[in-house]
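Report on one structure; see the data block that follows.
Please treat every number below as a calculation from the coordinates, not as lab data. Computed from a predicted model, the values in this text were never measured in an experiment.
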């Protein structure tokens with residue numbers, strides 16, 4: 001767990017974080033809004049994708065047809081971490097187990113992933129990326145790469161390393177907070193029944 005500061009409940013936001021942290025948070029929210037607002041539009045100066053290639057994640061997969069943005073996130077998660085169980089995808093994305101199961105079904109129907117039962121425990125289903133989908137997932141992973149490249153271009157290598165370190169730390173803290181919130185909001189789990197898939 002990354003160190004947490006103890007702050008009394010009810011403390012005003014301004015007293016809890018620095019002006020610098022607040023300004024950086026605002027920029028991250030603006031970044032998310034800008035990304036969402038331009039998700040289906042090419043950036044100025046960006047090359048148009050090849051015909052038949054997806055202009056953005058979620059438009060078309062190897063099996064044809066659209067995919068939800070949640071399925072794209074799950075495919076990227078499997079790409080990043082390798083073979084996963086549905087439970088690992090659930091915790092990695094901060095979504096319920098049932099939702100993760102539906103997303104995996106969507107990915108399998110689009111031929112992005114292959115599901116296989118664990119040889120030593122038939123209740124466990126492992127999910128891995130279909131090799132035929134690798135190019136599509138890499139395209140989604142590098143989405144808006146042109147904008148990132150242009151933003152990084154004037155920075156020194158140490159400044160680029162600082163940007164990556166900062167983003168990794170924010171991601172780790174947000175994932176931790178998301179998992180804590182999911183655990184707090186979930187009812188106590190019943191022991192798995194025979195034949196339950198995890």
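Taking 0.36 nm per residue of separation and subtracting the current Cα-Cα distance, fully stretching the chain between residue 165 and residue 177 would add 2.5 nm.
For the pair residue 30 and residue 156 in one chain, pulling the backbone fully straight at 0.36 nm per residue adds 43.0 nm over the alpha carbon distance.
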